[in-house]
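Written below as structure tokens is the structure these notes are about.
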């Protein structure tokens, strides 16, 4: 197969997958998450976000868009990516267990009313699941970003955005689009329409 054909096929797959986000069920879940984030910020609480690998990068990306800015110059919004502190990650992994890298940090940083967002394309990452479980023990609200099946984490969440694909790359692309949509909605709600 020619590279140009592969490019067209992959772009087509991405567009087809993201088009599914226009369905009422996806629009509804994204609106619910956006309203929840706005409510959390209006209550002077924060977002705590985490995931592994590419999802770790997505967590950091999401937090940066909120702390710094997305499309408007505005006040900073409190968001922490638990994937960014290498000392914490390696100390917890070494002294306890890799499965505890998020739950231990949630235990230290999460307060009642905070929103904890776990990102796992499969929905089965043990450390993400344990982080969400710890968040519930601390009276936080939980949201997950997963693939279409939701995995083991789905039933442990208050809201789950299950991207409409089983292909990791398509799931991650939907997660990034959802993050950008949420940042735009939150900025508009808290700081006025564009």
Within the stretch 128-144, of all residues that are in contact with a strand residue (DSSP E or B) (Cβ under 8 Å, 6 or more places away or on another chain) and part of a helix (DSSP H, G or I), the one surrounded by the fewest Cβ atoms within 10 Å (Cβ to Cβ) is 136
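Condition check ((1) crowded, with 17+ Cβ neighbours inside 10 Å; (2) touching a residue at least 40 places away in the same chain (Cβ under 8 Å)) across all residues:
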residue	(1), (2)
37	yes, yes
53	no, no
63	yes, no
72	no, yes
82	yes, yes
85	no, no
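Give the stretch 145-159 a look and list any residue that's out of contact with any helix residue (DSSP H, G or I) (no Cβ under 7 Å at 6 or more places or on another chain) and either surrounded by 22 or more Cβ atoms within 10 Å (Cβ to Cβ) or outside any helix (DSSP H, G or I) (or both), or say none. Let's see the steps before the verdict.
If we filter the stretch 145-159 for residues that are out of contact with any helix residue (DSSP H, G or I) (no Cβ under 7 Å at 6 or more places or on another chain), which is where we start, we get 148-151, 154-155, 158.
Within the stretch 145-159, 148, 149, 150, 151, 158 meet the criteria.
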What tally of residues in the stretch 111-130 results from selecting those that are more than 23 Å from residue 41 (Cα to Cα) and either at pLDDT below 95 or out of contact with any helix residue (DSSP H, G or I) (no Cβ under 7 Å at 6 or more places or on another chain) (or both)? 3
When you go through 176, 101 one by one, which is the residue that is crowded, with 23+ Cβ neighbours inside 10 Å and in a helix (DSSP H, G or I)? 101
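Being in a loop (DSSP other than H, G, I, E, B) and over 19 Å from the mean Cα position of the chain (by Cα) is the filter here, so list the residues in the stretch 82-98 that pass it. Give the steps one after another, and end with the answer.
Quick first cut of the stretch 82-98, residues in a loop (DSSP other than H, G, I, E, B) only: 82-85, 96-97.
If the condition is that a residue be in a loop (DSSP other than H, G, I, E, B) and over 19 Å from the mean Cα position of the chain (by Cα), then 96, 97 are the ones that fit.
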How about the stretch 87-98: which of its residues are touching a helix residue (DSSP H, G or I) at 6+ places or on another chain (Cβ under 8 Å) and either in contact (Cβ under 8 Å) with a residue 12 or more places away in the chain or exposed (fewer than 12 other Cβ atoms within 10 Å of the Cβ) (or both)? 88, 89, 92, 98
Consider residue 28 against the criteria (1) assigned to a helix (DSSP H, G or I); (2) surrounded by fewer than 10 Cβ atoms within 10 Å (Cβ to Cβ): it satisfies all of them except one. Which criterion is unmet? (2)
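The values are calculated or read from the model by the stated rules, or taken from the named source; none is laboratory data. From a predicted model like this one, the values you see are computed outputs, not experimental measurements. FYI the Cβ positions are ideal-geometry reconstructions off the backbone, even for glycines, and counts take in every protein chain you see.
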